[in-house]
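The structure appears below as C-alpha cells.
Derivation of every value follows stated rules applied to the coordinates shown; laboratory data play no part. As the structure is a prediction and not an experimental result, all values here were calculated from the model. When we count neighbours, we look across all protein chains shown, and the Cβ atoms used for this are built from the backbone with ideal geometry, even at glycine.
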Amino acid sequence: MRTRFAPSPTGSLHIGGLRTALFNWLFARHHNGAFILRIEDTDQKRFDPTALDTLMEALRWAGLQWDEGPEVGGAYGPYVQSERVALYQQWAKWLVENDKAYYCYCSSERLQQVNKEKEARKEPPGYDRRCRDLTPEQRAAYEAQGITPVIRFKMPLDGQTVVRDAIRGESVFDNANQQDAVLLKSDGFPTYHLAVVVDDHFMEISHVMRAIEWFPSFPLHVQLWQAFGWEMPVHAHLPVMLNPNGKGKMSKRNPPRDKYGNLIPVMVHDYIRAGYLPEAMTNFLANIGWNFGDEREFFTMDEAIQRFDLARVNPANSAFPVEKLDWLNGEHIRALPTDELARRLRTVLVDAGFAVDDDLLRRVTPLVQMRLKTLNEIISLAGFFFRDEFLPAPPEELIQEKMDAQNTCRALERAYEALSTLDDFSHAAQEAVLRPLTEELGLKPRQLFGALRVAVTGQRVATPLFETNEILGKDVVLKRIKTASQSLVCQP
RNA sequence: GGCCCCAUCGUCUAGCGGUCUAGGAUGUCACCCUUUCAAGGUGAAGACACGGGUUCGAGUCCCGUUGGGGCUACCA
C-alpha cells in the first residue's frame, strides 16, 4: 500500500491539509505501507520559496514522517513536480498523438469573451471547444503566428462517466456537462489534473485520499486514467471541515470563530504557537470524519494506526469542533510525564522571554499540570514564579468576599506572625498553622487563603497556596505578605 | 444559475431492518469535593429535517422536498 500527501507550497500548512495528511499517514502505517510526500509546485505564479520548509516543519511537528519525498529521497523521485516537467510534457504529447487531447490556441481574452457571451445567454460557463477539431492547415496558421498552445483533454461529448469513491460508492456524471480541461499550460507546466494522474501512476500510489473539493474533477481524472490505459488507484474523498458555525469551509478568507466570537486559527503554525500538543492535534483531527471504533475519543496515534480503516470514514462534512480540541489538549497535557511536560513548558517560557531555572520549573510543573488547557496558559497561571520582579495586585484585590480592608489587613498580619514562627516551611507545616487561624479569625478558608494567595502571587487565580509558598520560600512569602498588609492601611 | 456530495442531541459521533422508550463524547446547567482556578465524581436538559413509499417491522432501504456544503481557472 502506498499513499501520498501532495500539497502545493503556497504558504503554511492549512489545518485541513494536516487532516488529509494524517489520514493518508494512518492508512499507510496501518498497512505497513509507504507514505509519500509530493510537492505540487506547478503554479509558478503562487510559488513561495519559504513554504516548503514551513510545510515540512508542520508535518514533522505532528509526527507524520514521510518515507519518500523531499529530503529523504526514494526510488520514485523526484518528488517535486517542477522537477518532473519533462515527464508531463511527454505524456501530454502522447495523449495528443493518440487523439485523446489537442492543442488549443485560444487566448485568455477569447476565453473570457466566450464566457461573457455564455453568461448573457444564461448558459453555464466553459470553453467552446473551438480548437478541438482543427485541420492541420489551421494549426499551421496559428503556429505561424507564433502562438504557444495549451493542451486540452478531449472529454467524451456524450455518455456518462461512472466514478467510484471508497467512502461513498458510485456516482454518475454526464459527460456533456464536463469540460475539455487544460492539461498542459502554455508555460509548459502541467495543471493539477495531468500531474496528479501521471505522478500517482508512476509513483505507484495504491490509495488516493484527498479533499472532497476534488470530487467534481473526479470524472475528468477517471477519463484520464482510462485514456492512458493505466490501472487506477482506489480513491477516497475526505469530507471538508467547516467553520464551527457550519457556514463555509475553514479558510483565511472567512475567518472561523468560536461560539464566543474569538478567532480561531486556520494554519498549523498558529496552533503550534498557541500551545497545542501534536499528540492532541492529531488525536483531535483523527476524530473528525473518522472514529476509533469503540467509545474512546482519547487515544494515541499508535492506537489509531492499529485501527485505522477507510470503512469508518464518515462521508458527511463536519463543523470544526474547537471545544473538543481544548479538552483533548488538556487531557494530553495531563497524560504527559511531568518531566516531559516541564520540557515543553520550558520552550514556551523561554519564547516568552523568561529566564528559566530548571529546578524551579520541575517543582512548578506538577502544580499546573491539571490546570492547563494549552501550554501557553503557564504564563498567566504561573508566570509569577519566573518573573524577576514581583507585580503586586491592586490592594482591593486582596479583599475577599464579605471582608473589608480592616479585617483583611488584620488577617494578613496574623498569618505573617504564624508563618514567621515556622522553621519547616513545607506545605503541611503551613497548613498546620494557617487552618486553625481561619477559625480563630472567624474566617472561611477561602477568605484567608484567598487573601494570602493574592498577596503572594499577585493574582486571584493561581497555583495552590501552600505548595506555591513552599516553592517561593519563607523569605519571599513573608516579604510579600508584609507588603500586602501595608498597602491596606490598617487601623491599630 | 448549472453539476455533484451530504443530512442522528448546539457540536463531534455510534447506529450498517427488529437489541433504539437512539448510545458515547464535548459543550451547557445543577449538585458533590474544594484554599482560587482547574481536575475529579454524580446528575439534568438535549437529536433520528420533512413528506411519500418498500417491508410484518425503518434512524437504518428507495423517491421527492427542504436544508447545508463543494465545484464551476492556462490555482491547487
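Key figures
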{"read-out": "Calculated SAXS-style log₁₀ I(q)/I(0) at q = 0.11, 0.13 Å⁻¹ - chain A, Debye, Cα scatterers", "value": "-0.97, -1.21"}
{"read-out": "Kirkwood-based Rg to Rh ratio, the stretch A:326-396, C-alpha trace", "value": "0.99"}
{"read-out": "Over the stretch A:202-318, equivalent-ellipsoid semi-axes from the Cα gyration tensor in Å", "value": "30, 20, 13"}
{"read-out": "Length released on extending from A:VAL234 to A:ARG435, taking residue separation times 0.36 nm less the Cα-Cα span", "value": "65.5 nm"}
{"read-out": "Residues whose placed amide H lies under 5 Å from that of A:ASP165, excluding near-sequence neighbours", "value": "A:GLU170, A:SER171"}
{"read-out": "Distance between modelled label sites at A:HIS30 and A:ASP158, nm, 7 Å Cα→Cβ extension", "value": "4.3"}
{"read-out": "The stretch A:252-339: C-alpha gyration tensor shape, a/c 1.5 cut-off, then a/b vs b/c", "value": "oblate"}
{"read-out": "Three-way shape call for the stretch A:439-480 based on the alpha-carbon gyration tensor, with the a/c threshold at 1.5", "value": "prolate"}
{"read-out": "Bridge type composition, chain A - antiparallel percent by DSSP, nearest 5", "value": "55"}
{"read-out": "Simple label model, 7 Å out from Cα along Cβ direction - A:GLN65 to A:GLU417, nm", "value": "6.4"}
{"read-out": "Residues A:ASP339 and A:GLN112, FRET efficiency given R0 of 45 Å [Cβ-Cβ distance, rounded to 0.05]", "value": "0.10"}
{"read-out": "Unit Cα scatterers, Debye sum, the stretch A:96-254: log10 I(q)/I(0) for q = 0.10, 0.14 Å⁻¹", "value": "-0.46, -0.87"}
{"read-out": "Semi-axes of the equivalent ellipsoid for the stretch A:10-60, Cα gyration tensor, largest first, Å", "value": "23, 11, 9"}
{"read-out": "Sequence-distant lysines (8 or more away, or on other chains) whose Cα lies within less than 25 Å of A:LYS154", "value": "A:LYS93, A:LYS100, A:LYS116, A:LYS118, A:LYS122, A:LYS185"}
{"read-out": "Alpha-carbon gyration tensor eigenvalues x 5, square-rooted, for the stretch A:1-105, Å", "value": "28, 18, 12"}
{"read-out": "On Cα atoms only, tilt of A:85-97 relative to the major axis of chain A in degrees", "value": "40"}
{"read-out": "Amide H within-cut-off set for A:ARG257, under 5 Å, with H built and near neighbours excluded", "value": "A:ASN245, A:ILE264"}
{"read-out": "For a label point 7 Å along the Cα-to-beta-carbon line of A:ALA355, residues of the stretch A:376-393 with backbone N under 17 Å", "value": "A:384-391"}
{"read-out": "³J(HN,Hα) computed for each position of the stretch A:139-145 - Karplus, 6.51 cos²θ - 1.76 cosθ + 1.60, integer Hz, glycine/proline x", "value": "4, 4, 5, 5, 4, 4, 6"}
{"read-out": "Normalised per residue, the volume of the convex hull around the Cα set of the stretch A:217-257 (Å³)", "value": "92"}
{"read-out": "Cα gyration tensor shape of the stretch A:57-169, rounded if a/c is under 1.5, else prolate or oblate by comparing a/b with b/c", "value": "prolate"}
{"read-out": "Using θ = phi - 60° and Karplus 6.51 cos²θ - 1.76 cosθ + 1.60, couplings along the stretch A:400-411 (whole Hz; Gly, Pro as x)", "value": "8, 3, 6, 10, 10, 4, 4, 6, 5, 4, 4, 4"}
{"read-out": "Mean residue ellipticity (222 nm) of chain A, computed from DSSP H runs ≥ 4 via -39,500 (n - 2.57), nearest 500", "value": "-13500 deg cm²/dmol"}
{"read-out": "Under the Debye formula (equal points on every Cα, no solvent term), log10 I(q)/I(0) of the stretch A:44-89 at q = 0.15 Å⁻¹", "value": "-0.49"}
{"read-out": "Built amide H within the under 5 Å cut-off of A:VAL208, gap 5+", "value": "A:VAL234, A:HIS235, A:ALA236"}
{"read-out": "Length-normalised contact order for chain A - Cα pairs under 8 Å, 6+ apart - percent", "value": "12"}
{"read-out": "HN-Hα J in Hz across the stretch A:325-331 - Karplus 6.51, -1.76, 1.60, θ = phi - 60°, x for Gly and Pro", "value": "5, 5, 4, 5, 4, x, 4"}
